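Laboratory data are not the source of any read-out in this text; all were calculated from the coordinates shown. This structure is a prediction, so every number in the text was calculated from the model and none was measured. Quick reminder, even Gly has a Cβ in these numbers, built from the backbone with ideal geometry, and neighbours come from all protein chains shown.
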Amino acid sequence: MSASESHEPARPSSGNIFVRALDSLRTNRDFRFLWFSNIFFIGGNWALTLVLGWLVYETTESELKLAIFTALRLAPMWLGPISGLMADRYNRAFLIRVLALWAVAVIVLLAVLEAITTPSYLILMLAGFLTGLAQSPSQPARNALALQLVGRKRLANANALSALGMGLTGAISPAIGGVILNDAGATWALLYAASWYLLAAVCIWQVKVSHTTVRAETASIIPLLRDGLRQVMRNQLTATMIIITLAANILIWPVNHS
C-alpha cells in the first residue's frame, strides 16, 4: 500500500453538509484515534507552554530570559527535515507514541523536582528543550500518518477537522491549566499537562495500521537532506512558506510568549 492510499476504502458521503464534514471521523476508525491523539497532544503542548512560561518568569522575573527560553524550546523545530526522514523510514504510529511518552516522562520528572524544590533557570531550559524534542518529529509523523489513513481525496477534510479540534483544545487546555496553576500550584499544573500527552499516547496505541516505508535506502542523511532542500527551494510557494515559518519561530513566538 502506498503512502497516498487510504487505510480504509472510501465510502460514499451521505447526509447534509455537516454530516459530510465529519466523513473522515465517521468512516475511518484509525483516523478517529489519530484525531483524538492530535488534540490531546496539542492540548498538552499548550498547557505545558503556560506552566513552563510561568515558572521561568517566576524564577527569573526577566522577559528577555523568557524569550530565550521560548526560542530554545522551539529550537528542535529546526530538525524538521530530519524528522521528516524519520517519518518516512520508521513506523509512524510507534514514533508518535514514543514521543508522547517521552514528553510525559520529562514533565513528570520536572513535577517531582518542582514538588521538592524550585527548579533553576538552567533546569527549566533543559526541560523546555527536551519537551521540544518530542514535538519536532511528532508533527511530520502525524501528517504523514493522516495521509496514509485517509488518502489524498479526504486529506483536506482530515486536515480541517484536525485544525478545528486543535484550535478548540488550544483555547480550553491552557484555560484549565491556569486555574490549576492558580489554585493547586505548578506541580499539579505540570501533571495536568502530562495527562494530555499520556492520553495522546493511549489514543495512538489504538491505531492499527501497517507501516509504509517511503525511504528504505541506507544512504547518508546529508545527501538526502540536501536533495530534499533543493527540491523544496525550487518551488516558490513552498520556499516562501518555509522562510515565513522560520522567521515566525525565530522572531515572533519568543516575543509573543514573553
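Rg/Rh, computed from the Cα trace of segment 95-149 with Rh as the Kirkwood radius, has the value 1.13. Note on segment 91-111 and segment 169-183: Cα centroid distance 21 Å, given to the nearest whole angstrom.
Here the label points at ALA184 and ALA115, each 7 Å from Cα along the C-beta direction, are separated by 1.2 nm in the simple model.
Indicate the gyration tensor shape class of segment 38-188 (rounded, prolate or oblate), computed on the Cα atoms with a ≥ b ≥ c the square roots of the eigenvalues: a/c under 1.5 is rounded; otherwise a/b larger than b/c is prolate and the rest oblate.
Numbers: a/c = 2.22, a/b = 1.70, b/c = 1.30.
Verdict is prolate for segment 38-188.
Taking every alpha-carbon pair within segment 115-199, the share separated by more than 15 Å comes to 72 percent. For the pair TYR90 and MET233, a Förster radius of 22 Å applied to the C-beta separation gives a FRET efficiency near 0.25, rounded to the nearest 0.05.
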